[in-house]
Amino acid sequence: MYKPVLGIPQNTIEILQKYNFSFQKKFGQNFLIDTHVLEKIIRAADIHEDDMVLEVGPGIGTMTQYLAKAAGKVVAVEIDKNLIPILSETLGGYGNVRIINEDVLKLDIPRLVEEENGGKPVKVVANLPYYITTPIIMGLFEEHVPIESITVMVQKEVADRMQTGPGNKDYGALSLAVQYYASPYIVANVPPNCFIPRPKVGSAVIRLTCHEHPPVDVADERLLFDIIRASFNQRRKTLANGLKNSDRLDFPKEIIMEAIERLGKGASVRGESLTLEEFAKLSNYLANSCGAIRK
Ligand code: SAM
C-alpha cells in the first residue's frame, strides 16, 4: 500500500520527480496540495461506504486516496496517459478504485453508471479541469446521468455564476441550467497557493445537490433551454428580439409578444430579469401556442 499522503506538498513533488512528470497546460493540470481543502471537499461530498463516486481527472490520485477510504467504489477518469503509471503506484493498494484512461467528454457515462453501480445514483467529486467545466457539468445533467450530488472545485467566477439569480451581472444560461437540475451551495473559496502549479484565477468548491424532480414543470425541456440560450445570446437586446433572432427557434413575433404579455411583462423586458419559473411559464405558453417550432 502506498503510504504518503499526497496533499502534502513534499510528497506530491517527490512522486512527480520520481516519474519525471511535466504538467500539461492544455489539460488544466493544477494539483491540490492542501490537506485542509481536501478534507473540506470530502466532508461536503458526504460520502458513505455504500456510495459509488465518479471522479473526473484524478491527477496523481491525491483526492482519490481520500475518496477510496470513504466510498464503496471509486471510478476515476483521467485523460493524460502519463499519469496512469503514477496512479497505479499511488492507488495500487486500494481494491475499490478503477481508473479509466479516457476523455470524460467522450465517455458514455450513463452506461458506465449502469455497469458499475446498477444504474443507482452516484456522487461526482472532482477538482475539475477548468477549461471544460461547463461541458462536463452540462453533459452530466443533459444526459440524465443518475447523480445524487456533484461536489467540485471550479473557477470562483463560474461558481458565482452557478449560484446567482436575476438582477446579478453573473446571471445567465449556466445559472438557470444548474438551478433547474440542482441546488447549488458554495462550500469554500480556495486561493491559488493551494495548487501546484498555481492557477491564475481564484477557485471555489461548489456542491450541487441534484433535484429528484425539477422545481418547475415544463412541457418541453429542450425548448426551455433553447429559449434560455436565445435570451442570453444577445444580452443587451430585449427578450422578444433575442427569441426572434434565435437560429434554433421560429416563433412568429406576435406569438412571442403575446407570450411575454401573458407573463405580465412589458415589451422591453430583458431575459436577464426573468426567474426560472418565468422562463418555464414562457416556454409552456410558447409550446402550447402553436406547437414548439424549431428551425
Ligand atoms: N484531482 C487532481 C488534484 O486535485 O490534484 C487533479 C486535478 S487537475 C485540476 C484536472 C485533472 O483533469 C488533470 O489530471 C487532467 O489531466 C485531467 N483532465 C483534463 N481534461 C480531461 C478530460 N477531458 N477527461 C478526463 N480528465 C481530464
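Using helices alone, what [θ] at 222 nm do you get for the chain, with -39,500 (n - 2.57) per DSSP H run of 4 or more residues, divided over all residues and rounded to the nearest 500?
-11500 deg cm²/dmol
Under 21 Å from the Cα of Lys69, which lysines turn up, not counting those fewer than eight places away in the same chain?
Lys3, Lys40, Lys120, Lys123
Using alpha-carbon pairs under 8 Å, 6+ residues apart, how would you state the relative contact order of the stretch 9-210 in percent? Intermediate results must be reported in sequence, preceding the final value.
Details: 355 pairs, mean separation 41.9, N = 202.
Relative contact order, the stretch 9-210: 21 percent.
Would you grab the residues whose amide H sits under 5 Å from the one on Thr164? Only those 5+ places off in sequence or on another chain, please, with H modelled 1.01 Å from N.
none
Return the percentage of antiparallel bridges among DSSP beta bridges fully within the chain, rounded to the nearest 5 %.
Percentage antiparallel, nearest 5: 50.
Through the Karplus equation 6.51 cos²θ - 1.76 cosθ + 1.60, θ set to phi - 60°, convert the phi angles of the stretch 34-50 into ³J(HN,Hα) values in whole Hz; use x for Gly and Pro.
Whole-Hz 3J(HN,Hα) from phi for the stretch 34-50: 9, 5, 5, 5, 4, 5, 4, 5, 4, 5, 5, 6, 6, 9, 10, 6, 9.
Using only the Cα atoms of the chain, what are the Rg and Dmax in Å?
21.4, 69
Over all pairs of distinct alpha carbons, what does the Kirkwood formula give as the hydrodynamic radius of the stretch 221-290, in Å?
Computed over the stretch 221-290, the radius equals 11.6 Å.
Would you calculate the convex hull of the Cα atoms in the stretch 44-96 and tell me its volume per residue in Å³?
For the stretch 44-96, the hull spanned by Cα atoms encloses 65 Å³ per residue.
At what distance in angstrom do the alpha carbon centres of the stretch 216-238 and the stretch 121-194 lie from each other?
Cα centroid of the stretch 216-238 versus Cα centroid of the stretch 121-194: 19 Å apart.
What does the charge count near Gly139 come to, summing +1 for each Lys or Arg and -1 for each Asp or Glu among other residues with Cβ under 12 Å from its Cβ? List each step's numbers first, then the result.
Numbers: positive: Lys106; negative: Asp103, Asp108, Glu142, Glu143.
Here the charged neighbours net out to -3.
Which cross-chain or sequence-distant (5 or more) residues have an amide H under 5 Å from the amide H of Ala182, H modelled 1.01 Å from N in plane?
The answer is His211.
How large is the Kirkwood hydrodynamic radius of the stretch 57-202, in angstrom, based on all distinct alpha carbon pairs?
Kirkwood hydrodynamic radius for the stretch 57-202: 16.4 Å.
Work out the length of the dipole vector of the chain about its Cα centre, built from +1 on the beta-carbon of each Lys and Arg and -1 on the beta-carbon of each Asp and Glu, and round it to the nearest 20 debye.
1060 debye
Give the aspartates and glutamates reachable from Lys25 as a straight Cα distance under 12 Å; neighbours fewer than 8 places away on the same chain don't count.
The reachable aspartates and glutamates, counting only those whose Cα sits under 12 Å from Lys25, are Asp80.
Highest first, please rank the peptides 90-96, 269-275 by the mean number of other Cβ atoms sitting within 10 Å of their residues.
So the peptides 90-96, 269-275, ranked by packing, come out 269-275, 90-96.
So, counting K/R as plus one and D/E as minus one, what does the shell of residues with Cβ under 15 Å around Glu157 add up to?
Residues near Glu157 contribute +2 overall.
Would you mind calculating the gained length between Asp46 and Asn168 on full extension (0.36 nm times residue separation, minus the Cα-Cα distance), in nm to one decimal? Can you show the working numbers first?
Numbers: separation 122, 0.36 × 122 = 43.92 nm, distance 3.03 nm.
Between Asp46 and Asn168, full extension yields an extra 40.9 nm.
Among Gly72, Ser88, Gly172, whose Cα projects farthest towards the positive end of the dipole of the chain, with charges put on the beta-carbon of Lys, Arg (+1) and Asp, Glu (-1)?
So the residue we want is Gly172.
Throughout, read-outs are computed from the coordinates displayed, never taken from laboratory work. As the structure is a prediction and not an experimental result, all values here were calculated from the model. In this analysis, Cβ positions are derived from the backbone assuming ideal geometry, glycine residues included, and neighbour counts consider all displayed protein chains.
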